[in-house]
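Notes to accompany the following structure.
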Amino acid sequence: MGIWQPLHDPEISRLENSTVDLQGIDFDTGKPIILKGEWEFFWQKLLVTDHLKDQEPDALVQVPSYWTQLEQDGQALPNEGYASYRIRLVNCPPEADVLVVVPNLPSAYRIFLNGQPVSGSGTVLKNPENTEVFPSYIEMNTLPLRSSECELVIEVSSHVYPGLCLTPILIDRSTYEQAAERDIIFSSLLLGIAIVFIIFYAMDRMLKPKSGYSVTILLVMILFLLKSFYRGPIFSAFCFWSPIPYDYMLFPFHAAGVAAWGILLCANPKPSGVPRSKKRIVCVNLLVLGAYAIAVGIGLVFHITWWWALVDILLAPILFVGMVKPILQDEHAPSPYFFPYYLGCLCVYAGCLLGDMALGGLFPVDDSFAFQIGLVCLTIAIKYVDGKRLNAIQNEALKVAEMRAELQQAQTNLALHQIQPHFLYNALLAIKVLCRKDPEKAEKAVYDFSTYLRGNMDSIESTEPILFEEELQNIRAYLNIEQMRFGERLHVILDIRCRNFMVPPLTVQPLVENAVRHGICKKIEGGTVSLCSYQKDGFVWIEILDDGVGFDVEQLQSSSFGGVGIKNLRYRLETLLKAKLEIQSEVGKGTKQVIQIPEQEAQLFDEDDDR
């Protein structure tokens with residue numbers, strides 16, 4: 001169990017010629033003594049266990065370090081093996097109840113003070129295959145300093161992490177026990193908070209699968225949670241019963257952390273919410289795997305004790321490229337939930353880096369909680385972002401409902417506005433006259449009139465898009481009725497080059513009626529109305545032309561002139577189709593009305609499709 005102390009609290013000893021001078025040290029202050037420096041090294045010897053006396057050291061080595069940095073007969077020492085380390089403590093304070101431990105050492109070790117066992121972890125054996133490692137499980141014995149000069153021996157055996165790769169500390173026993181108890185409580189609390197958040201996220205995902213909860217984010221949190229376990233008492237208890245040596249079990253947990261970063265970078269969208277390209281995802285994965293491979297290779301070749309911290313250092317530029325750089329380059333506006341989420345990711349990275357650097361001996365104390373605190377920050381950030389996102393979805397749903405109600409009302413108003421009483425009266429009167437003069441034309445006129453009325457009534461009940469062909473059918477019915485009334489005064493030209501798209505009901509018909517009513521009917525000699533539809537430059541174009549009397553476009557602001565209908569129509573076009581309506585007119589020459597609809601909004605389809 002680590003000792004959680006501020007960085008300025010420990011006193012770093014000066015190891016010179018394998019001797020530590022404790023003159024003036026007061027253990028009652030609770031400050032740990034960091035035993036970092038030169039130690040005597042004895043290869044393949046257990047000095048105390050085998051009662052070896054008057055042994056000369058094979059070398060003086062720096063602690064922390066791997067013994068694979070040393071050579072014997074011109075060859076580097078192997079990973080597997082056992083050895084002893086020794087230093088002398090001089091000017092020891094009398095009757096001090098001390099403890100010597102190596103927090104989280106991934107090797108089995110026993111510590112002796114003047115030949116008496118002080119503490120240990122795991123099982124130290126000469127056969128490395130039978131060595132058992134439990135870094136967070138420490139056996140402790142009370143041993144007061146009874147002489148001014150003491151001999152401190154640490155016997156180590158290992159599978160993968162050879163030697164004292166972490167720094168031993170000398171500390172007052174009561175201080176260590178208090179710190180260890182506090183560590184267990186605080187560590188369990190942090191892990192408990194993270195686990196609760198992850199469980200709630202998983203339940204939300206299961207119960208509300210369409211609410212946007214990401215399986216990838218859940219997997220990332222689980223992988224980070226697994227990484228946080230390897231330094232806690234739960235993992236040590238698991239190792240105690242596992243047939244797999246602790247040394248080898250560390251690798252999957254480091255790999256889980258690297259995998260979590262790779263998945264997080266690949267799954268993370270751009271700030272604006274636009275997904276990343278597959279090519280970028282493959283590159284990011286290769287970079288993350290390459291960073292892990294480089295760190296492991298450097299650790300094996302140069303025998304450094306902090307290779308796992310090197311993984312975090314190499315990940316820094318990758319994280320910058322994958323997370324920070326897109327913020328600066330994305331031309332779209334960042335999502336409002338982007339920054340809290342990335343702040344949580346930054347906390348996890350900082351905790352991972354600080355924890356691994358402390359574990360690698362780059363800090364004078366062990367910071368056991370940095371990564372767990374970062375993980376809790378990430379889970380809280382994800383929960384916060386999801387809460388904001390769901391709240392935004394609910395607000396958007398309310399806005400959509402309100403917009404649909406407004407559209408329905410606007411469409412109802414438009415339909416009622418189109419069915420003018422005088423038009424109905426004039427149409428019925430014209431049909432009455434035809435019934436006497438030409439019954440066949442009267443029959444066709446009744447059919448056109450019923451088609452016109454049915455189309456307008458149907459549009460009141462539904463706002464769903466219809467085929468342009470259906471809208472065109474209502475327009476033909478209306479024009480037939482008007483031609484029946486005005487005869488040779490009204491000429492109609494239909495140039496329909498594109499009909500395979502959808503439009504909301506009463507989108508084009510009101511514009512055609514305006515062309516007839518306000519353009520041609522007010523001209524004594526009459527005129528021509530043209531309707532044209534075609535595709536061009538990624539848009540569907542609908543043009544209504546007339547050579548009527550024309551008007552001043554300022555009149556569109558007047559409700560008596562039809563300004564309300566045009567305003568409602570523009571609103572529906574912009575809301576439903578992101579389309580534009582432009583009206584150009586010149587008094588005495590005519591009017592041009594143009595609808596411009598983006599192809600993706602027009603729902604183009606193959607004309608052979610069965611609709």
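Annotations for the structure displayed:
- Those residues of the stretch 556-595 which are at pLDDT 80 or above and in a loop (DSSP other than H, G, I, E, B), in sequence order: Lys578, Ala579, Val587, Gly588, Lys589
- Scanning the stretch 110-128 for residues that are over 18 Å from His51 (Cβ atoms) and either assigned to a strand (DSSP E or B) or touching a residue at least 40 places away in the same chain (Cβ under 8 Å) (or both) turns up Ser119, Ser121, Gly122, Thr123, Pro128.
- Condition met for Leu494 (open to solvent by less than 30 Å² (accessible area, probe 1.4 Å), at pLDDT 90 or above and over 25 Å from Gln555 (Cα atoms)): no
- Residue identified as farther than 21 Å from Cys377 by Cβ, more than 22 Å from the chain's Cα centre (by Cα), in contact (Cβ under 8 Å) with a residue 60 or more places away in the chain and exposed (fewer than 15 other Cβ atoms within 10 Å of the Cβ) among Glu155, Glu181, Glu149: Glu149
- Residue match in the stretch 531-546 (condition: part of a helix (DSSP H, G or I) and either of a type in the set (Lys, Arg) or without any contact (Cβ under 8 Å) to a residue 24 or more places away in the chain (or both)): no
- The sole residue among Glu470, Glu488, Glu443 that is within 21 Å of Gln603 (Cα to Cα), of a type in the set (Asp, Glu) and surrounded by fewer than 17 Cβ atoms within 10 Å (Cβ to Cβ) is Glu470.
The values are calculated or read from the model by the stated rules, or taken from the named source; none is laboratory data. Keep in mind that what you see is a predicted model, and the values were worked out from it rather than measured. We place every Cβ from the backbone using ideal geometry, glycine too, and count neighbours over all the protein chains shown. Remember, those area values only see protein heavy atoms, side chains included, never the ligands or the DNA or RNA. Shrake-Rupley method; radii C 1.70, N 1.55, O 1.52, S 1.80 Å.
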